[in-house]
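**Q** Here it is, the structure in full.
Every number in this text was worked out from the coordinates using simple rules, so none of it is lab data. Quick caveat, the model's predicted, so the values are computed rather than measured. A quick note on method: Cβ atoms are made from the backbone with ideal geometry, for glycine too, and the neighbour counts reach across all protein chains shown.
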Amino acid sequence: MGRLDVVVNNAGYGHFGMVEELSESDLRDQLEANLFGAVWGIQAALPLLRAQGSGHIVQVSSIGGVGAFTNLGAYHASKWALEGISESLALEVAAFGIKVTLVEPGGFATDWAGASARRSPALPEYDGVREAAAARRSVQPPGDPGAAARTLLEVVDSDEPPLRVLFGAQAPGIVTGIYQRRLAEWKKWELLAHEAQG
């Protein structure tokens, strides 16, 4: 049997819909593709990777696996779950010489929001929310998928690859802002952590 050096889980799609607009099948289908598909792929590869004592699993997540935005609740649920299960996986397989990396891209010039995306029927009550979100949307040019692929080769060729890596020029600023707001809010309410202790 041959070797398997790198497994890349990149299959998935974006689902657009406010949480109230999501049907059960909208949410289940999103999780099946973006989370369960990756997990079943990993489980199929792990026996071979463990036997050979090496390998690298690359999970294509998103900045949407770090923070959340309007109209993408199902997508975020799938990517946040992928982030959590991948971090556990990294701890579980390190002793077998297997590495795990979560790639967290920002916007790239793919069909992610085009024909490959799915959309829930829109409730008119959310039209104002949609309009406000569109007004805040970044106008920066999307990243080049070819450049991302070349950069990914640098990651998998690294002796000590990261657990998480951001792709795209706008991703570091967006994610830094998310964590700054999170840390500030936790600090503001830190007293309650101690009160809740009893």
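**Q** Using a simple spin-label model with points 7 Å from Cα along the Cα→Cβ vector, what separation in nm is obtained for ARG182 and ASN10?
**A** 2.6 nm
**Q** Short version: ³J(HN,Hα) in whole Hz for each residue of the stretch 172-180, in order, from phi by Karplus 6.51 cos²θ - 1.76 cosθ + 1.60 (θ = phi - 60°), x for Gly and Pro, what are they?
**A** x, x, 5, 5, 4, x, 4, 6, 4
**Q** Now a separate question. Name the residues whose placed amide hydrogens come within less than 5 Å of the amide hydrogen of PHE167, ignoring near sequence neighbours (fewer than 5 apart) on the same chain.
**A** Hits under the 5 Å cutoff: GLU104, GLY106.
**Q** Which number comes out as Rg/Rh for the stretch 20-126 once both Rg and the Kirkwood Rh are worked out on C-alpha atoms? Mind dumping the intermediate values first?
**A** Working: Rg = 16.0 Å, Rh = 15.3 Å.
Here the Rg-to-Rh quotient is 1.05.
**Q** Given the chain, what whole percent of its Cα pairs are spread farther than 29 Å? List each step's numbers first, then the result.
**A** Values: 6280 of 19503 pairs.
Of all Cα-Cα pairs in the chain, 32 percent lie more than 29 Å apart.
**Q** Enter the angle in degrees (range 0 to 90, nearest 10) between the Cα long axis of helix 37-52 and the first principal axis of the Cα atoms of the chain, meaning the one along which they spread out most.
**A** The angle comes out near 20 degrees.
**Q** Let me ask something else about it. Using amide H atoms built 1.01 Å from N in the peptide plane, name the residues 5+ places from LYS99, or on other chains, whose amide H lies under 5 Å from its own.
**A** GLY55, HIS56, ILE57
**Q** On a C-alpha basis, how far is the centre of the stretch 92-152 from the centre of the stretch 1-35 in Å? Whole number, if you could?
**A** If we compute the Cα centre of each part, the gap is 12 Å.
**Q** Given Cβ point charges of +1 (Lys, Arg) and -1 (Asp, Glu) and nothing else, what value in debye, to the nearest 20, does the dipole of the chain about its Cα centre take? Please list the in-between numbers first.
**A** On the way: 16 positive and 23 negative charges, 51 e Å.
Its charge dipole is roughly 240 debye.
**Q** Using the Karplus curve 6.51 cos²θ - 1.76 cosθ + 1.60 with θ = phi - 60°, what ³J(HN,Hα) values do you get for each residue of the stretch 15-23, in whole Hz, with x for Gly and Pro?
**A** Per residue, the Karplus-derived 3J(HN,Hα) values read 10, 9, x, 5, 4, 5, 7, 6, 8 Hz.
**Q** Can you run phi through the Karplus equation (6.51, -1.76, 1.60; θ = phi - 60°) for the stretch 162-167 and list ³J(HN,Hα) in whole Hz, with x for Gly and Pro?
**A** Calculated HN-Hα couplings, in order: x, 6, 10, 9, 8, 10 Hz.
**Q** Relative to the first principal axis of the alpha-carbon coordinates of the chain, what is the inclination of helix 73-93, with its axis defined by its Cα atoms, in degrees from 0 to 90 and to the nearest 10?
**A** Computed tilt is about 30 degrees.
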